[in-house]
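The values are calculated or read from the model by the stated rules, or taken from the named source; none is laboratory data. If you're wondering where the values come from, they're calculated on a predicted model, not measured in any experiment. Cβ sites come from the backbone with ideal geometry, for glycine too, and all protein chains shown count toward neighbours. The accessibility values were calculated without ligands, DNA or RNA, using every heavy atom of the protein model including side chains. Shrake-Rupley method; radii C 1.70, N 1.55, O 1.52, S 1.80 Å.
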Amino acid sequence: MSTFLDAAHPETPPAGTTRFRPAVHFTARDTWLNDPNGLVFHDGLYHLFFQNNPYGNVWGNMSWGHATSSDLLHWTEHPVAIPCDETEDIFSGSVVVDHGNTSGFGRADAPALVAIYTSAYKTASEHSGTQAQSLAYSTNGGMTWRKYEGNPVLSRNSPHFRDPKVFRYEGNQGACWVMVAVEAQHQKVVFYRSEDLRSWDFLSEFGPANADAGEWECPDLFPLPVDGDPDNIRWVLIVNVNPGAVAGGSGGQYFVGDFDGVRFVPEPGSLVAPAGLSSFADPEARSAALRQCLWLDWGRDCYASVSFSGASDGRRIIIGWMNNWDYANELPTAPWRSSMTLARELRLTAVDGSARLVQQPVLPEPHGREEPPAAAGISTAGPFELRNEALRLQDAVPGRAQIIEAEILAGTADRIAFRIFGSSDGTAGTILSYNPATAQLSLDRRQSGNIGFHGKFASIESAPLVLEDGLLKLQIVVDHCSVEVFAQGGKVVLTDLVFPEAEHLHTWLSAQGGPATVLNLAVSTLT
Ligand code: FRU
């Protein structure tokens with residue numbers, strides 16, 4: 001939910017804003033948004049800058065919008081931070097806190113926030129036809145920004161060089177700034193280094209590799225310990241790809257490997273196609289290999305995920321854009337359009353000997369959530385046997401997000417299914433189901449409500465999921481127009497948008513083909 005602090009915007013949202021407006025996912029008040037930009041934690045506040053059209057609710061006039069939050073769930077929208085002008089659109093990028101005042105934009109005792117963004121030059125610019133990296137800085141905690149007069153600071157005379165993510169790298173030779181960016185149409189991540197954020201030296205490049213059917217966008221690179229072991233650090237390189245992601249259209253892949261301050265070297269286990277899947281002649285082998293790549297999310301609607309800089313205690317928290325370029329401009333909401341995913345904390349864990357990401361949504365502990373309104377005859381406490389009869393859970397509640405947590409022993413069931421945003425006759429709804437025989441978790445939105453606004457919207461997505469000691473563990477966050485599924489403690493994530501009928505608020509759980517045992521089942525809500 002967002003509030004807007006700007007005299008130009010009245011307190012009361014205009015009519016039409018509430019339909020599908022999420023409770024705990026960020027949306028702009030009455031405009032368009034896409035990628036999260038400049039995610040930074042500073043002075044107790046999370047800043048979310050974002051690709052924004054301040055003048056409309058389709059993509060265009062790209063500028064950096066701005067919102068802040070203290071809990072990553074409830075956001076306050078602020079006036080546009082870096083607006084486009086007649087010479088440039090402000091494309092995606094990142095923000096760092098320049099603690100050492102290396103850039104000279106702040107003071108040693110009052111560090112500036114420095115935004116590194118892509119100038120997408122327009123015809124009125126002398127750089128027209130190129131994309132290059134530029135700086136803006138803030139000396140008041142991110143609330144207002146000034147562009148650096150020496151922009152751009154890094155150009156390759158390329159039309160598709162964008163999305164810089166900058167971080168402080170501490171190596172044997174001392175500390176420096178490292179930038180990861182993309183040559184989007186060459187499916188390459190490019191690495192640069194700088195002492196002062198103003199001048200940049202080329203280090204190396206990576207790619208194409210794995211999913212390379214579309215443009216590479218919005219990269220990120222960071223270290224994480226494997227299972228919390230500080231002596232076992234791996235580097236994670238996130239590369240968003242559009243189109244050509246596993247569920248179709250836009251999506252985020254990642255590689256696990258090492259970064260020595262110059263070069264990223266992936267572990268062999270995260271390289272399914274070292275020269276890129278486009279090098280596969282056989283389409284069947286290509287689609288099988290696409291499913292072997294490492295995906296942040298197996299759903300249709302999680303793109304451009306990047307992480308916060310400066311999050312405390314070494315936490316690595318990402319936010320994605322909950323949308324897909326396949327149909328993004330047509331989503332049936334107004335006047336706002338598009339939202340972010342929940343913030344998700346990333347960890348690395350060993351899975352069959354290889355380091356893999358797990359994601360947990362950033363949510364209050366259960367005692368910090370609300371009890372859903374009690375509905376007569378509905379019991380969700382385990383353990384109990386689940387048979388053919390569908391069990392009705394608490395309804396979704398308008399104005400609140402619903403969190404469903406379940407641990408289910410699959411037993412002899414051949415299908416375990418949740419129907420979310422269901423109609424009372426049990427026909428319509430979004431179906432989340434697990435099939436033990438195929439070991440696939442599927443999210444089916446073909447009967448989810450309004451699917452007609454775009455030909456590519458109706459879809460069913462699936463992810464490989466291995467039961468652990470026979471157990472299926474699910475955390476499902478349902479919020480007005482989205483279903484985010486974190487399975488097996490976050491090893492498998494599926495995110496889909498859905499646009500249900502207003503009265504389709506029922507949730508059911510069923511097992512088919514044999515009984516399953518529900519060990520735990522809890523429903524809570526958040527506003
Ligand atoms: C990704 C992207 C970025 C670009 C921005 C423009 O969704 O295409 O590569 O910087 O959106 O809005």
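Looking at the stretch 150-160 only, could you name the residues that are in a loop (DSSP other than H, G, I, E, B) and within 22 Å of GLY100 (Cβ to Cβ)?
Answer for the stretch 150-160, where residues must be in a loop (DSSP other than H, G, I, E, B) and within 22 Å of GLY100 (Cβ to Cβ): GLY150, ASN151, VAL153.
Would you call HIS42 buried (at least 21 other Cβ atoms within 10 Å of the Cβ), modelled with pLDDT of 95 or more, away from the ligand (no atom under 16 Å from the Cβ) and under 28 Å from THR495 (Cβ atoms)?
On the way: buried (at least 21 other Cβ atoms within 10 Å of the Cβ): no; modelled with pLDDT of 95 or more: yes; away from the ligand (no atom under 16 Å from the Cβ): yes; under 28 Å from THR495 (Cβ atoms): yes.
Answer is no for this residue.
What tally of residues in the stretch 32-52 results from selecting those that are of a type in the set (D, E, K, R) and out of contact with any strand residue (DSSP E or B) (no Cβ under 6 Å at 6 or more places or on another chain)? Let's see the steps before the verdict.
Looking only at the stretch 32-52, we keep the residues that are of a type in the set (D, E, K, R), and these are 35, 43.
Still in the list and also out of contact with any strand residue (DSSP E or B) (no Cβ under 6 Å at 6 or more places or on another chain): 43.
Result for the stretch 32-52: 1.
Cβ-Cβ under 7 Å, sequence separation 6+ or interchain: first residue in the stretch 94-107 and over 19 Å from HIS66 (Cβ atoms), partner open to solvent by less than 20 Å² (accessible area, probe 1.4 Å). Which pairs?
Listed by first residue and then by second, the contacts come to THR102/LEU197; SER103/ALA112; SER103/VAL114; SER103/LEU197.
Rundown of residues vs (1) open to solvent by 50 Å² or more (accessible area, probe 1.4 Å); (2) charged (D, E, K, R), yes/no style:
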site	(1), (2)
LEU277	no, no
GLU284	yes, yes
SER287	yes, no
GLY299	no, no
ALA328	no, no
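Against the condition touching a residue at least 24 places away in the same chain (Cβ under 8 Å), within 23 Å of MET62 (Cα to Cα) and among the basic types (Lys, Arg), how does LYS122 come out, does it pass?
yes
Which is of a type in the set (Val, Ile, Thr), open to solvent by 70 Å² or more (accessible area, probe 1.4 Å) and in the same structural domain as VAL306 (by TED's automatic domain parsing), of THR144, THR102?
When all the criteria are applied, what remains is THR144.
So which pairs qualify, if the first residue must be in the stretch 391-406 and closer than 14 Å to PRO364 by Cβ, the second must be basic (Lys, Arg), the Cβ gap must be under 8 Å, and the two must be at least 6 apart or on different chains?
Correct list of pairs: ILE403/ARG369.
Return yes or no: is PRO243 touching a residue at least 60 places away in the same chain (Cβ under 8 Å) and in contact with a helix residue (DSSP H, G or I) (Cβ under 9 Å, 6 or more places away or on another chain)?
no
Table: residues versus (1) within 22 Å of GLN51 (Cβ to Cβ); (2) among the charged types (D, E, K, R); (3) not assigned by TED's automatic domain parsing to the domain that holds ASN151.
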site: GLU215; (1), (2), (3): yes, yes, no
site: ASP227; (1), (2), (3): no, yes, no
site: ILE238; (1), (2), (3): yes, no, no
site: ASN242; (1), (2), (3): yes, no, no
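Give me the pairs: first residue in the stretch 202-227 and over 20 Å from GLY249 (Cα atoms), second residue within 15 Å of the ligand (Cβ to nearest atom) and not acidic (Asp, Glu), beta-carbon distance under 6 Å, and six or more apart or on different chains, which are they?
Matching pairs, first to second residue: GLU205/LYS188; GLU205/VAL190; PHE206/VAL189; LEU221/VAL180.
Matching residues to (1) among the aliphatic types (A, V, I, L, M); (2) within 15 Å of the ligand (Cβ to nearest atom); (3) open to solvent by less than 60 Å² (accessible area, probe 1.4 Å):
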residue: TRP177; (1), (2), (3): no, no, yes
residue: GLU195; (1), (2), (3): no, no, no
residue: PRO208; (1), (2), (3): no, no, yes
residue: ALA213; (1), (2), (3): yes, no, no
residue: GLU217; (1), (2), (3): no, yes, yes
residue: PHE222; (1), (2), (3): no, no, yes
residue: ILE233; (1), (2), (3): yes, no, no
residue: ASP258; (1), (2), (3): no, no, no
residue: GLU267; (1), (2), (3): no, no, yes
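Having 3 or more residues that are under 17 Å from SER194 (Cα atoms) is the bar; report the strands (runs of 3 or more DSSP E) wholly within the stretch 53-147 that clear it.
88-97, 113-121, 131-138
Please count how many residues of the stretch 476-494 are open to solvent by 30 Å² or more (accessible area, probe 1.4 Å) and either outside any loop (DSSP other than H, G, I, E, B) or under 14 Å from ASP297 (Cβ atoms) (or both).
Selection size over the stretch 476-494: 2.
Mind checking which residues of the stretch 61-80 are within 16 Å of the ligand (Cβ to nearest atom) and open to solvent by less than 10 Å² (accessible area, probe 1.4 Å)?
MET62, SER63, TRP64, GLY65, HIS66
How many residues are among the polar types (S, T, N, Q), out of contact with any Leu (no Cβ under 8 Å at 6 or more places or on another chain) and more than 13 Å from VAL182 (Cα to Cα) when one looks only at the stretch 200-217?
Here the count works out to 0.
Collect the residues in the stretch 86-99 that are surrounded by fewer than 21 Cβ atoms within 10 Å (Cβ to Cβ) and within 16 Å of the ligand (Cβ to nearest atom), keeping them in residue-number order.
Selection gives ASP89 alone.
With respect to ALA463, is the statement that it is closer than 26 Å to VAL351 by Cα, buried (at least 22 other Cβ atoms within 10 Å of the Cβ) and in contact with a Phe, Trp or Tyr (Cβ under 7 Å, 6 or more places away or on another chain) true?
yes
To keep it simple, each residue is scored yes or no on (1) in contact (Cβ under 8 Å) with a residue 60 or more places away in the chain; (2) open to solvent by 10 Å² or more (accessible area, probe 1.4 Å); (3) of a type in the set (Gly, Ala, Ser).
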| site | (1), (2), (3) |
| --- | --- |
| SER307 | yes, no, yes |
| ILE317 | yes, no, no |
| ASN323 | yes, no, no |
| ARG337 | yes, yes, no |
| LEU346 | yes, no, no |
| PRO373 | no, yes, no |
